[in-house]
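Right, one structure below, let's go through it.
The values are calculated or read from the model by the stated rules, or taken from the named source; none is laboratory data. Note that the structure is predicted; figures quoted are calculated from it, not measured. Methodologically, a virtual Cβ is constructed for each residue, glycine included, from the backbone with ideal geometry; neighbour enumeration extends over all protein chains shown.
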Amino acid sequence: MATPGGGTWLLHHELRLAWRGFGGIRLWILLIGGGVLWTALHLAAWSMLRGLANIDTASLPPLATAIAGGVFWLVASIMLSQSMAHSVAALFVRGDLDLLLSSPLSPRAVFMVRGVGIAVAASLLPAFMLLPFAHVGVAVGRPGLLAIYPVVASVALVCAAAGMALTMTLVKLFGARRAKTIAQIAAALIGAGFFLLSQLQSILPRGMRDAFTPWLRQALEPGGVLGPESAWWWPVRAMQGELLPLLAVMLVAVGAFWLVVNLTWRRFASGMQESVSGGRARVRRAADSGAPVFRAGLTRVLLAKEWKLLVRDPQIISQTLLQVLYLVPMIFIGFRSDRTAWLLIPGFVVMAAMLAGNLAWLTIAAEDAPELVGIAPVSLTRIRVIKALAAVLPVLALLLPLVVWWSLRAPAAAAVLLFCSLGAMASAATCHIWNPRRGDRRDMKKRYKESGLVNILETLGSFGWAAIAACLNGYLAWLPLAIAVAAIGPGSAWLLGRAARQGGALA
């Protein structure tokens, strides 16, 4: 047993709390589903690597190295985004650090253990996806792929160190309360940044693209900035077992983590004290000292109220910003791809439905005063429909410019995009109207735990409408099946939510 109060003892405690969070039936579902998926990943790795057993990786074309390196940096950007999100949770959300910092435990040990926990959390998905290649590599005669283990751990440590350093810098610059919001927005921007860069060539004007393509080809050649021997691809070479890149990656990881822990743990302790002492909400004074202005019209008032709540809460903006950032580049691609519009429509439908579903959950399920709304002298169903409308209209406003553009070049595709997107968004919002569940708008992540069944039905309806859009592109024989799938979601929500609707308040 580890000595109580030491770093190992505290890390064991952190891991035990994380494991306890997956208890019950969810743990068995996770283990069974994860086991099946991991077996499938091993089979996929086997089919990919058995043909490369006798191929020298040094002889691969530069483009192959660049693609592998690009995938690595995409995963690293996602890990950094998750590390920042976990750093915010460790500092502001969990609410147990004030107890830990007032205990005899060393604040430096607490900070270091939380950093290791952040690294472990950020590495779970990449390790799950990449470790099958390490295992299969041994079977096909490439034992060097076992280096995936230390490389994933090293990248996780670097991302954890960067995430903690960025969060602590924001605390120093803006204070604990503002740093929480800014860090959440920054995490969303980092998570989508690599995707936006990958779509840059599609968004740029033709002249800039014509100048960028020759430069990229020259940079990828041997001796170029992005050539196979470039340091940018050292992590990929380290995963293949090359000694020098592997030692460099591990040394940078351990050094960065040690440096961040030793330079910022004092800022961590003072930032936590600031967040605890300054955590009380301040009453905002009205900007207008005159009499309040009341406007007529229930729909107008409710829409204005919901949009004002969404806009003035930076935390909600940060939680929905990532989906908007993924949708906007797709819209730019759509402006340049009217000839292949039919291929893009299902993706637009799913993304629009996901964003509208999140906003509908915020407006309907995460109402701050459901009891007050429930006793209003207005039909509760009507209120919920208006709230759903407040969720759908902003997403529709994002899609309308593309619909208008396509209507001049591909009218049929524009009509299908508008029809199926409206149907998918209405389906997602209807699931929350017909099966209302109470939620907490301060943490959207809990939505997937507290309203799991509603989310499944919402997703099913969204994919059903995407299938309808695909079937309208010449696959009419499958259209009845797609319509049936799209109807299952809201139909099941109506059947399962009768008790909640009859109760008059959110369940």
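For the range 204-261, a residue qualifies if it is assigned to a helix (DSSP H, G or I), out of contact with any helix residue (DSSP H, G or I) (no Cβ under 8 Å at 6 or more places or on another chain) and at pLDDT below 90, and the qualifying residues are 206, 207, 208, 210, 211, 214, 215, 216, 217, 218, 219, 231. Just one of the listed residues (407, 379) is polar (S, T, N, Q) and over 28 Å from residue 305 (Cα atoms), and it is 407.
The set of residues from the range 252-268 being closer than 18 Å to residue 72 by Cβ and surrounded by fewer than 19 Cβ atoms within 10 Å (Cβ to Cβ) comprises 252, 256.
Selection within the range 424-456: residues that are of a type in the set (Gly, Ala, Ser), surrounded by 21 or more Cβ atoms within 10 Å (Cβ to Cβ) and at pLDDT below 75. The member of this set that is farthest from residue 497 (Cα to Cα) is 439. Within the range 1-52, the set of residues being modelled with pLDDT of 80 or more and polar (S, T, N, Q) comprises 39, 47. For the range 114-141, the set of residues classified as in contact (Cβ under 8 Å) with a residue 60 or more places away in the chain, surrounded by fewer than 19 Cβ atoms within 10 Å (Cβ to Cβ) and not β-branched (Val, Ile, Thr) consists of 128, 129, 135, 139, 141, listed by residue number.
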